[in-house]
Every structure is written in structure tokens, then in C-alpha cells.
Amino acid sequence: DSGVTQTPKHLITATGQRVTLRCSPRSGDLSVYWYQQSLDQGLQFLIQYYNGEERAKGNILERFSAQQFPDLHSELNLSSLELGDSALYFCASSVQGSPGETQYFGPGTRLLVL
Amino acid sequence: AQSVTQLDSQVPVFEEAPVELRCNYSSSVSVYLFWYVQYPNQGLQLLLKYLSGSTLVKGINGFEAEFNKSQTSFHLRKPSVHISDTAEYFCAVSDPNNAGNMLTFGGGTRLMVKP
């Protein structure tokens, strides 16, 4: 158990819908990351937050947005869902979000868009 | 831009045999290197990482990796595998000069340990 929690574990929805994925980092970690794992694209970095502020941005679609709240939990919002958004979404956390820090991954949220 | 290539998508091996999982990276700058393992239906767990210093890095569960700058490689090795090592292994890089800590992953290598 990494200490990172993600809810829900599974999500099934329809095209065009909007969903919110939630992540709670390890106790004491200030930085959270979101990754997408799909058969087509592999594991891709989406976005990183540190203490509520965006720190790095990767291949995140405009239909996707994220934020980190004052209590340090984070939410990833996916809207206008398409079939291709079906994937496993991981959240990770680390202490300061600095280069080289170990990232601790949650168990993931499996999203299926029908 | 950085990229990571894991040359083998699947590696079958018998229990107690040695194994090497290959990883090559492409970067015009210095890099930090990582190996993560993903067991079925679980998140990723760090096996080991190279930041600086000795090029031979020892990790958890008996794994080690060697950083080779001239060959831009970071191959993962274990002298004797167990059935429980069956999992997907990911090599990743990050840029020490970035403000953030984003990881760029390779495509993964599925290690299948047979009895």
C-alpha cells in the first residue's frame, strides 16, 4: 500500500459525459501527479501540482482539467468523453515535487467510456 | 524532448534463471532514470533509481541496474527470478533541470516467469 488513495476504482460512463476522479496523496506529500495508461498510448504524464499550484503540464487534452485543493487532495475532471478516453488513470504523489523524487502511485481508476 | 525505448515487450524466463530487461533513452541533456514495477491490478512501485554517483544501482527485491552514459542505457537485471517477479516493468526518465518532476515512460516489458 503506497498510501495514495484514488476513488472510484471503476467508472463506466457514456460518450459525451463528464466525470471526476479523486486522489488523496500520502500524508505529508505536497505534490500530486496524474498519469493516463492506455493500450494505445502507454503511460503518459498529464499534469503535476505542488501545494495547489500547477507545476508541470504534459499531454493533457483541453477537455481535461485538474486542480489541487487546500487540503492537498486533487481532482481530475474529464469532459465530453470519447471512446478513446477509456484508460487507467493513476495519481501519484511526492514530497516536494522536485526532480528525482520518488513518486508513489495509487491503485488507479479504471474508466470505461461506452 | 526525452524518450525511452524498452526493446522487449515480453520476456519469458524460467524460475531461478537470470534476467535482463533492456532500456535505452534518448536525451540531449543529463537525465534521472527509474525502474518501476506494476503487478497485476495494482499501481506502480519504484524498484530503483539513478540520480548521480555510482553507475550500478541496487534496488528492492534483488534487482539492480547499470547506467551506461555512452550507450544511453539503463538495463535492469536480476540474477535469479521468482514466480512472484511476474509483472510489467517500466523504465522512465526525468529531466533534472525541469521545475517539475514529470516522468517519461517506456512502453513496458512484461516479465513472465515460468515454473
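Just so it is clear, none of the values below were taken in a lab; they were calculated from the coordinates. Keep in mind that this is a model prediction, so the values were computed, not measured. We place every Cβ from the backbone using ideal geometry, glycine too, and count neighbours over all the protein chains shown.
All C-alpha pair distances within region A:7-114, sorted into 5 Å bins from zero, spread as 2, 13, 25, 26, 18, 10, 4, 1 percent across the bins.
In plain terms, the C-alpha convex hull of region A:30-88 casts an average shadow of 3.9 nm² when viewed from every direction. Across chain A, the mean sequence separation of Cα contacts (distance under 8 Å, 6 or more residues apart), normalised by length, yields a relative contact order of 37 percent. The relative contact order of region A:21-68 comes to 27 percent, based on Cα pairs under 8 Å that sit 6 or more residues apart. Look at the stretch A:59-69: the mean tally of other chain Cβ atoms within 10 Å of its residues' Cβ atoms is 0.
Ranked by the mean number of other Cβ atoms within 10 Å of their residues, highest first, the peptides B:37-44, B:5-12 fall in the order B:37-44, B:5-12. For region B:1-54, the percent of C-alpha pairs falling in each 10 Å distance bin, counted from 0 to the bin holding the largest distance, reads 17, 45, 32, 6. Among A:His10, A:His73, B:His82, the ranking by other beta carbons within 10 Å of each residue's beta carbon, starting with the fewest, stands as A:His10, B:His82, A:His73. Largest first, the extents of the alpha carbon coordinates of chain B on the three principal axes equal 44, 29, 22 Å. Taking every residue in A:86-96 and counting other chain Cβ atoms within 10 Å of its Cβ, the average works out to 1. Any chance you could check the Cα centroid distance between region B:42-65 and region A:17-75 for me, in angstrom? After rounding, the separation between the Cα centres reads 25 Å.
Taken over the protein assembly as shown, lysine pairs spaced eight or more positions apart, or on distinct chains, with alpha carbons under 16 Å apart number 5. Peptide A:100-108 has a mean shielding of 6, counted as Cβ atoms of other protein chains within 10 Å of each residue's Cβ. Its residue count N sets the reference 2.2 N^0.38 Å, and the alpha-carbon radius of gyration of the protein assembly as shown equals 1.01 times that reference.
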